[in-house]
Amino acid sequence: MIIIIMIQQKFIDRDSELEILEKFEKKRPGLFILYGRRRIGKTELVKQFCLGKKVVYFLADERPADENMKELKIIMAKFLADSLFEKAAISEWAELFGEFSRKCGKKVVIIIDEFPYLINSDKAIPSIFQKIWDLNLSKKDIFLILLGSSITMMENYVLDYRSPLYGRRSGQLKLEPLKFKHIKEFLPSYKIEELIKVYGVTDGIPQYILKFDYKKSFIENLKEHVLKKGEFLHQECEILLKQELREIGNYSTILKAISFGRGKFGEIANLTGLDKTLVSKYLDNLINLHIIRKEFPVTETKEVRNARYMFEDNYFNFWFRFVYPNKSIIEEGRHEELISSIKTDLNQYVSAVFEKVCKQLLWDISLPVRFDKLGRWWHKDREIDLVGLNEKTKEILFAECKWQDKVNPEKILQELKEKAEYVDWNNGKRKEHFCIIAKSFSKRPKGVILLDLNDLEKGL
């Protein structure tokens, strides 16, 4: 039985994650750590995992630790169908788990959701749960899952080598956003062009995508669910930052700079006016939270000074590009003015999202070349959107992504070949392939791989 009521949501593409949980659950006793940002689908994942199993589910909150413990005792009593257990004078976590496991006498899954709330209320919680595991649960037919939405808390207090729980876990999983190809399952009536725009706003966060009504256009959804004061997607970004970070103003200034294409360290420092040492620390924290990433030219085999900072998370990117700078307009309710302004800049923003989508889809599309590494390349003033490398066969793919209609591929191919000469990788020994991806083409010459939106949509 599962002592919880949950709202039914779409459950898409989590088969591999379910297999991981099933594999570790079979090795009971086990302590498993599952974490990932808010709204990513952790609770829905464990809900699916729990089907057909005997489960105690507890959702911690911000109350004091002893209040949380009392509620868990009530849930355990209901599971045991034992009214005396609920009335028992239990004042310690170790005693609670000890009495429960003694009375349970059967294999059971115990899930503690939002474990960081317990840690916030009592910093001794990791040590307490180490004791619970070592002296009790590790000897029982129990699978304990600790869930958390605060990445910082889970990594610092649960997974870090200095944590009392370090070495006790039998497995761990950081739940990642869905890939672009799965968004179609949420919005079946949307064409690929609008799906790319939705991905540019919601990333692959299931609960964000579910806010979009497939019966309404992208712009209508944007107006109603992102650009309106009080709406969930309008506020979520600030909530997430406050959950993980301090000095939100400085972080916001940095993220705004990156959202407007200022990706070099010097550019970020100059634009924000912050001390370079502080900027470096802030950037590292944002990378650890997977909001941004530090990127190097794909041909580099080690970190070089030629780095760029890019958004890993589309939702944060969109929010700092279009919501954060326009908060006063949104506060005043001038939505039509804002929509008009956004439409002017949206194509440029979506073109970068399109490149990210192409990078994902190229791994799945049948091409005359297979690669084991794919990414951007740049040197001085020259850039190539995507370069794919196959070290074994010495084959290289050069690709340009154009968020445009009726593209002339011959002109772009000539420019691409000129830039390819500057790419220093297996010179004189490599086999070259060229690819252009666009909304549509004005002609289709030979000697180049051409992929338009119809080709990409077939791949979905």
Looking at segment 291-314, is at least one residue more than 27 Å from residue 420 (Cα to Cα), free of Cβ contacts under 8 Å to residues at least 60 places away in the same chain and out of contact with any helix residue (DSSP H, G or I) (no Cβ under 9 Å at 6 or more places or on another chain)? no
Name the single residue that is surrounded by the most Cβ atoms within 10 Å (Cβ to Cβ) among those in segment 296-341 being within 30 Å of residue 425 (Cα to Cα) and among the polar types (S, T, N, Q). 299
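Go through segment 284-337 and give me each residue that's assigned to a loop (DSSP other than H, G, I, E, B) and of a type in the set (A, V, I, L, M). I'd like the intermediate steps shown before the answer.
Our first condition is that a residue be assigned to a loop (DSSP other than H, G, I, E, B); within segment 284-337, this holds for 289-291, 296-307, 312-313, 332-334.
Result: 289, 291, 298, 304, 307.
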The listed residue being in a loop (DSSP other than H, G, I, E, B), on the phi < 0 side of the Ramachandran plot, at pLDDT 90 or above and in the same structural domain as residue 159 (by TED's automatic domain parsing), out of 40, 20: 40
Within segment 362-370, identify whether any single residue is modelled with pLDDT under 95, more than 30 Å from residue 391 (Cα to Cα) and β-branched (Val, Ile, Thr), and answer yes or no. no
Give me the helices (runs of 4 or more DSSP H) completely within segment 63-150, filtered to those with at least 3 residues that are touching a residue at least 24 places away in the same chain (Cβ under 8 Å) and surrounded by fewer than 20 Cβ atoms within 10 Å (Cβ to Cβ), ordered by residue number. 65-80, 93-104, 125-135
Name the residue that is nearest to the chain's Cα centre (by Cα), counting only residues in segment 308-336 that are charged (D, E, K, R) and more than 23 Å from residue 198 (Cβ to Cβ). 308
Can you find a residue in segment 120-137 that is under 29 Å from the mean Cα position of the chain (by Cα) and of a type in the set (Gly, Ala, Ser)? yes
Selected residue (criterion: surrounded by the most Cβ atoms within 10 Å (Cβ to Cβ)) from residues of segment 405-451 that are closer than 25 Å to residue 394 by Cα and of a type in the set (Phe, Trp, Tyr): 434
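Out of 214, 161, report the one residue that is modelled with pLDDT under 95, part of a loop (DSSP other than H, G, I, E, B) and touching a Leu at 6+ places or on another chain (Cβ under 6 Å). Lay out the reasoning, then the answer.
Numbers: 161 fails: touching a Leu at 6+ places or on another chain (Cβ under 6 Å).
Of 214, 161, the one residue that is modelled with pLDDT under 95, part of a loop (DSSP other than H, G, I, E, B) and touching a Leu at 6+ places or on another chain (Cβ under 6 Å) is 214.
The values are calculated or read from the model by the stated rules, or taken from the named source; none is laboratory data. Given the structure is predicted, the values throughout are model-derived calculations rather than measurements. In this analysis, Cβ positions are derived from the backbone assuming ideal geometry, glycine residues included, and neighbour counts consider all displayed protein chains.
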